[in-house]
Amino acid sequence: MFRSSSAVQRSRNPLKYQRRTVAAVRAVSYDFAAAARNPPACHPPWRKRSRTMPADPVRSPAPPPERQPHCTGAAAIMVQLIRESYAQVQPRVEDVAQFFYAMLFTIAPDTRELFAANMQVQRSRFMRALMHIVQNVDRPDELVPFLRQLGRDHRKFGVLAQHYDPMGTALVTALKQYAGPVWTPQVEKAWSDAYGLVAKTMREAAEADPGPAWWTARVVDHHRLSWDLAVVRVTPEQPVPYRAGQYVSVEVPQRPRLWRYLSPANTPRPDGSIEFHIRAVPGGSVSRSIVGHTQVGDTWRIGSPMGLMTVDRSSGRDVVMVAGGTGTAPMRAILEDLTQWGDNPEVTIFVGGRTHADLHDLDTLTAMAATNPWLTVIPAVESYPRTAGMEHGTLADVVTRFGAWPDRDVLVCGSPAMIRATVSRMLVAGTPLDRITYDPFTVD
Ligand SMILES: Cc1cc2nc3c(=O)[nH]c(=O)nc-3n(C[C@H](O)[C@H](O)[C@H](O)COP(=O)(O)OP(=O)(O)OC[C@H]3O[C@@H](n4cnc5c(N)ncnc54)[C@H](O)[C@@H]3O)c2cc1C
Ligand code: HEM
């Protein structure tokens with residue numbers, strides 16, 4: 001388990017429009033609403049599974065674990081038809097996505113204005129979400145929460161219930177276009193049924209959400225810590241109902257319609273203010289703009305809170321946090337929340353970066369540890385020369401050097417590469433998969 005080290009700071013330590021499309025649309029016209037009213041038989045009983053590591057469709061950097069089919073009979077056949085036909089189109093997902101969006105904008109031109117001008121990132125996110133749906137099509141216990149969240153979140157893009165049917169038509173047409181000979185009437189029905197359910201789940205979640213599609217917030221402070229890092233504090237008109245450790249999507253006036261996820265670095269406050277730590281990534285359209293051009297008085301839009309990272313104080317298990325770069329933000333929010341309680345699990349937080357300068361929040365965490373004996377902060381840097389009082393190496397190296405952490409709940413946050421490396425190394429070292437939680441950063 002945890003081995004002490006001198007380095008430990010134990011501080012109490014459209015594609016060109018394809019002319020075939022209109023004819024193709026007619027060929028797959030389908031009653032999605034009827035399909036949603038009569039779902040296939042693999043629905044209840046759904047086996048309840050408990051898995052902490054989210055198979056996040058949009059962001060998942062790790063392959064899903066081996067799966068056993070959950071359905072039998074006609075439903076299992078539907079699942080098999082979907083997976084086999086998807087395997088045929090998978091090598092050409094980019095083409096499928098281009099065809100799909102071109103088709104959508106042709107049959108429902110009003111949807112074009114909902115999307116940003118450059119569709120490249122969106123195409124890849126949608127196809128990754130589709131892959132996740134295919135992988136989990138027989139696992140509603142995993143799929144339904146994701147779809148409900150996605151449906152609620154789609155409200156902020158201006159998506160309406162009537163947009164779902166043309167989307168389904170465009171999707172099935174695109175799949176048919178690229179599936180080749182495996183596409184049969186049975187395959188088409190399987191996809192149409194599945195899409196009907198997906199759309200129903202998303203629509204119903206959106207309709208049922210009593211909260212606003214987004215919150216409006218005013219920037220009250222913009223503080224640049226370095227050329228590529230800024231802290232921005234906003235005050236929403238109404239408190240955003242997030243939990244410490246969750247993240248929200250944000251739209252800034254300098255980059256309209258380009259929503260990006262950011263993690264509040266504080267636990268919810270009585271005045272509702274939220275602090276964000278933003279690092280400008282090379283070539284980044286939104287992060288560079290926030291760091292460089294945010295002004296006090298700017299109005300931001302903030303989407304529904306999401307994410308699974310939390311500390312379960314009732315589990316009886318101690319905790320390891322692994323945070324790279326601005327990945328410290330949600331960890332700090334969770335720690336701030338824990339400091340309000342008298343009795344907490346032991347928490348060891350590894351904070352890493354390439355250089356000492358990357359550990360922008362180390363002083364705050366160290367100060368927190370100074371008054372909270374259950375907290376231990378272990379800084380790690382990759383660059384040479386070695387820095388006294390700090391571990392040396394990547395976070396993946398350092399965390400696993402300290403042990404396998406088999407009995408701890410593990411929270412990981414940072415860049416996609418850091419999460420991928422850390423989670424893989426921890427699994428190899430012996431950390432149980434079910435104990436690891438992350439809300440991975442987008443891998444575009
Ligand atoms: C759950 C979650 C929480 C997040 N919380 C924060 C946060 O608190 N603070 C913060 O600064 N960022 C955070 N991010 C990342 C943020 O949402 C954006 O992805 C990031 O700011 C880049 O956006 P951009 O528009 O500047 O770059 P884009 O224009 O979208 O991309 C430009 C280039 O940067 C690469 N890129 C995109 N994201 C990253 C990344 N995270 N690391 C390295 N390269 C990247 C892309 O692959 C592309 O090559 C979070 C992401 C997720 C998914
Ligand atoms: C099967 C149903 C759908 C799935 C699986 C899906 C999936 C996704 C995903 C994964 C994203 C990225 C979300 C993010 O980055 O936060 C997204 C964004 C978006 N979706 Fe959907 N979606 C669906 C239906 C729809 C429909 C019906 C519309 C309306 C036409 C729509 C319009 C949008 C828009 C406008 C965006 C934002 C794009 C951008 O950022 O430029 N989606 N969708």
Wholly within segment 226-339, strands (runs of 3 or more DSSP E) carrying at least 3 residues that are under 22 Å from Ile378 (Cβ atoms) and away from ligand 2 (no atom under 16 Å from the Cβ): 319-324
Subset of segment 266-285 [near ligand 1 (Cβ under 7 Å from one of its atoms) and closer than 22 Å to Tyr242 by Cα]: Phe276, His277, Ile278, Arg279
Subset of segment 170-189 that is surrounded by fewer than 23 Cβ atoms within 10 Å (Cβ to Cβ) and polar (S, T, N, Q) - its residue that is nearest to the chain's Cα centre (by Cα): Gln177
Meets criteria (among the charged types (D, E, K, R), surrounded by fewer than 20 Cβ atoms within 10 Å (Cβ to Cβ) and not in a loop (DSSP other than H, G, I, E, B)) for Asp343: no
Unmet requirement for Val137, which otherwise passes all of (1) within 15 Å of ligand 2 (Cβ to nearest atom); (2) part of a loop (DSSP other than H, G, I, E, B); (3) in contact with a strand residue (DSSP E or B) (Cβ under 8 Å, 6 or more places away or on another chain): (3)
Arg224 vs. criteria closer than 24 Å to Pro91 by Cβ and within 16 Å of ligand 1 (Cβ to nearest atom): no
Residues being surrounded by 20 or more Cβ atoms within 10 Å (Cβ to Cβ) and in a strand (DSSP E or B) - total across segment 372-426: 13
Boolean, Phe146 is in contact with an Asp or Glu (Cβ under 9 Å, 6 or more places away or on another chain), closer than 27 Å to Ala213 by Cα and either away from ligand 2 (no atom under 12 Å from the Cβ) or not hydroxyl-bearing (Ser, Thr, Tyr) (or both): yes
Selection from segment 408-423 of residues that are of a type outside the set (A, V, I, L, M, F, W, C) and at pLDDT 95 or above: Arg408, Asp409, Thr422
Unmet requirement for Arg125, which otherwise passes all of (1) more than 17 Å from the chain's Cα centre (by Cα); (2) within 20 Å of Arg203 (Cβ to Cβ); (3) assigned to a helix (DSSP H, G or I): (1)
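Conditions (1) under 30 Å from Thr294 (Cβ atoms); (2) more than 16 Å from ligand 1 (Cβ to nearest atom); (3) surrounded by 20 or more Cβ atoms within 10 Å (Cβ to Cβ), marked per residue:
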residue: Ala117; (1), (2), (3): yes, no, no
residue: Gln120; (1), (2), (3): yes, no, no
residue: Met127; (1), (2), (3): no, no, no
residue: Val144; (1), (2), (3): no, yes, no
residue: Lys156; (1), (2), (3): yes, no, no
residue: Leu160; (1), (2), (3): no, yes, no
residue: Ala217; (1), (2), (3): yes, no, yes
Qualifying residue in segment 255-275 (condition: farther than 18 Å from Thr326 by Cα, outside the structural domain of Arg112 (by TED's automatic domain parsing) and β-branched (Val, Ile, Thr)): no
Whichever residue in segment 311-339 is out of contact with any strand residue (DSSP E or B) (no Cβ under 8 Å at 6 or more places or on another chain) and surrounded by fewer than 17 Cβ atoms within 10 Å (Cβ to Cβ) and, among such residues, is farthest from Val232 (Cα to Cα): Gly316
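The values are calculated or read from the model by the stated rules, or taken from the named source; none is laboratory data. Small disclaimer: the values here were computed from a predicted structure and weren't measured. With ideal geometry, Cβ positions are generated from the backbone for all residues, glycine too; neighbour counts draw on all protein chains shown.
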